[in-house]
């Protein structure tokens, strides 16, 4: 049963990621909240705040199931009597504007008919990086590690999932400015004769490992850099764009909030401190303007 | 023509409100941006920032018209060949947590057939107050001034529009917590034999005047109060809820952003500095918890 295997794996991955983040931070520890869903299932939310390195972060797993609701039917454009969904979702906001914010998500879905047979199932996931100050070599590293993970399974996946990531995390109301410098994003990966469910589970597991190898070395490389008040200010402005994407465009966030999901677990993704200024424009020629330009026209990093 | 009269009035009201706000602030002045809409019309955005009293605010007018788009058709659930819309919209965020944030909006809409005849028109508007620390007498005053304005036209309007306000500014994802302590909110007020367009224009004008009389005395009463870092922190948390409402639930904001409206003018409503903390709970028994309780069950202030 892929369902049990996936649930068991995301629980291990949550432990592993939280342990590594605590090690890198050296001070803060995750706080854990268990919650139950009315209708079936629940989750384990782990949040960290006020660390040496990490200002706010959450690494959450959930496993929800039950009767298909109209909301789920509409959102997923799919029919069925019952559903099962599980996943790990994380967002990490470091204090320093030199250390990028990161998001990752790995999920698995099953649909059942009245008789309880699985009529559909799919895997989804991805990871994307949101720097305020862009070190090109960090973007290359983040993409390279995820490309390596994809290439073990299918050489067409990385370019496809990289593009899907660039196409998804977009503030359309900001002239199609991207939330960050991308990564990979995939959804509705369904098992087939040529692509077994076991392989897709291994792909998820490979990506989970890739996330750790892609992100934490960047943190360790940049966490001791000094920064100015003006650079912190730029981070707060960029975080405003992060809030805008998550609340205006992110399908998972909006669906979760409007379908009676656990608000605190969903909104753990929001940055701790944010600024919204009217018509803020970075100075021409600076690092801030360079980042903004790249976010408007995503680059191929590899 | 009500259209020209309304446009002329909101332009005067914008001048009047901006002048009064600058007087109360005593330091900052509004900056003006003129913009044009592709397809017809445009607006005048006036923003203030970094004042003695006001941290960020915008008082905007716009007048847009042209061919009916699918977006407008769907949003307004109405048919027609062309449309005209104009309005004044304002949001003011003071520095001090002792001085409430305020929002107001007055708008007028016309729909035309192919021959250019007006086939439908309506007025909308309202004002609502969002304190972080609630002085009950301020809430009473704000409601009383708006009730007086309504009562001159129809005694059933204030209770109706007060309820509509309480029902609209709701963070449904926060257990139906209201954005603030309300005010009045009305929409689709259509002229009829018993209620002429001229009367509805006078009603809008009366409410515009009521806004000034309702809000600025509260600012002048509270702007010199001292406050602690903890009280400022509570304000930043409450501002997070303001952002959540505007980006997740406010129909005007979402429609504007998704229909290619002027992003900077729409998002001037967002507070300048904001905090999002996981599962933040005010201490039991304090002023913060009392406000939160009132926001969960709106009171009749009069």
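The values are calculated or read from the model by the stated rules, or taken from the named source; none is laboratory data. Given the structure is predicted, the values throughout are model-derived calculations rather than measurements. All Cβ positions, even for glycine, are placed from backbone atoms using ideal geometry, and neighbour counts span all protein chains on display.
Return only the number of the condition from (1) touching a residue at least 24 places away in the same chain (Cβ under 8 Å); (2) more than 8 Å from every other protein chain (Cβ to nearest Cβ); (3) over 18 Å from the mean Cα position of the chain (by Cα) that residue A:245 does not satisfy.
Every listed condition holds for residue A:245 apart from (3).
Would you mind finding the one in A:153, A:161 that is part of a loop (DSSP other than H, G, I, E, B) and in contact with a helix residue (DSSP H, G or I) (Cβ under 7 Å, 6 or more places away or on another chain)?
Selected residue: A:153, the only one of A:153, A:161 that is part of a loop (DSSP other than H, G, I, E, B) and in contact with a helix residue (DSSP H, G or I) (Cβ under 7 Å, 6 or more places away or on another chain).
Has region B:198-210 got at least one residue that is in a helix (DSSP H, G or I), away from chain A (no Cβ under 14 Å) and closer than 30 Å to residue A:267 by Cα?
no
With the condition kept exactly as written, say whether any residue in region B:178-196 is in contact with a strand residue (DSSP E or B) (Cβ under 6 Å, 6 or more places away or on another chain), assigned to a helix (DSSP H, G or I) and surrounded by fewer than 18 Cβ atoms within 10 Å (Cβ to Cβ).
For region B:178-196, residues in contact with a strand residue (DSSP E or B) (Cβ under 6 Å, 6 or more places away or on another chain), assigned to a helix (DSSP H, G or I) and surrounded by fewer than 18 Cβ atoms within 10 Å (Cβ to Cβ): absent.
Do any strands (runs of 3 or more DSSP E) entirely within region B:1-71 hold 2 or more residues that are loosely packed, with under 14 Cβ neighbours inside 10 Å, modelled with pLDDT of 95 or more and touching a helix residue (DSSP H, G or I) at 6+ places or on another chain (Cβ under 7 Å), and if so, which?
none
Can you tell me how many residues in region B:249-293 are more than 14 Å from chain A (Cβ to nearest Cβ), in a helix (DSSP H, G or I) and surrounded by fewer than 16 Cβ atoms within 10 Å (Cβ to Cβ)?
Total meeting the criteria: 4.
Given (1) free of Cβ contacts under 8 Å to residues at least 40 places away in the same chain; (2) in a strand (DSSP E or B), where does residue A:104 come up short, assuming only one miss?
In the conditions (1) free of Cβ contacts under 8 Å to residues at least 40 places away in the same chain; (2) in a strand (DSSP E or B), residue A:104 misses (1) alone.
Quickly run through region A:263-302 and pick out the residues that are over 24 Å from residue A:54 (Cα atoms) and touching a helix residue (DSSP H, G or I) at 6+ places or on another chain (Cβ under 6 Å).
Of everything in region A:263-302, those that are over 24 Å from residue A:54 (Cα atoms) and touching a helix residue (DSSP H, G or I) at 6+ places or on another chain (Cβ under 6 Å) turn out to be A:278, A:279, A:280, A:282, A:298, A:301, A:302.
Is it the case that residue A:91 is without any contact (Cβ under 8 Å) to a residue 60 or more places away in the chain, in contact with a strand residue (DSSP E or B) (Cβ under 6 Å, 6 or more places away or on another chain) and either surrounded by 16 or more Cβ atoms within 10 Å (Cβ to Cβ) or in a strand (DSSP E or B) (or both)?
no
Has region A:219-239 got at least one residue that is closer than 20 Å to residue B:245 by Cβ, within 14 Å of chain B (Cβ to nearest Cβ) and touching a strand residue (DSSP E or B) at 6+ places or on another chain (Cβ under 8 Å)?
For region A:219-239, residues closer than 20 Å to residue B:245 by Cβ, within 14 Å of chain B (Cβ to nearest Cβ) and touching a strand residue (DSSP E or B) at 6+ places or on another chain (Cβ under 8 Å): present.
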